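A short reminder: the numbers here are calculations on the coordinates, not readings from a lab. All values derive from a computational prediction rather than experimental measurement. Because the Cβ atoms are built from the backbone with ideal geometry, glycine has one as well, and the counts that use them run over all protein chains shown.
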Amino acid sequence: MDKRVRMTNNVGKLREIEEITQEEFSRRIMVTRQTLVAIERGTYCPTLQLAFVIAHHLDARLHDVFDYQHEQ
């Protein structure tokens, strides 16, 4: 049985609401801007630790920032 997980996120949307640039936010969460871009585009899934750091810096709950759906 092949189950795939599709991860989506609201990082870019929440960051823009807070009026924080990608450059500034990437410094705050201690990743490169390129990594942040990949996270926002959904081409890179952060570690659980980084996901919590991102949620903390956006003053949001983890499940308000990240969502996953099982695909069958």
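With the simple spin-label model, which puts each label point 7 Å out from Cα in the Cβ direction, the HIS56 to ARG41 separation comes to 2.8 nm.
Near GLY12, once Lys and Arg are set to +1 and Asp and Glu to -1 for all other residues with Cβ below 13 Å from its Cβ, the sum equals 0.
Per-residue ellipticity at 222 nm computed for the chain from its helices equals -13000 deg cm²/dmol, with DSSP H segments shorter than 4 residues left out and the rest contributing -39,500 (n - 2.57).
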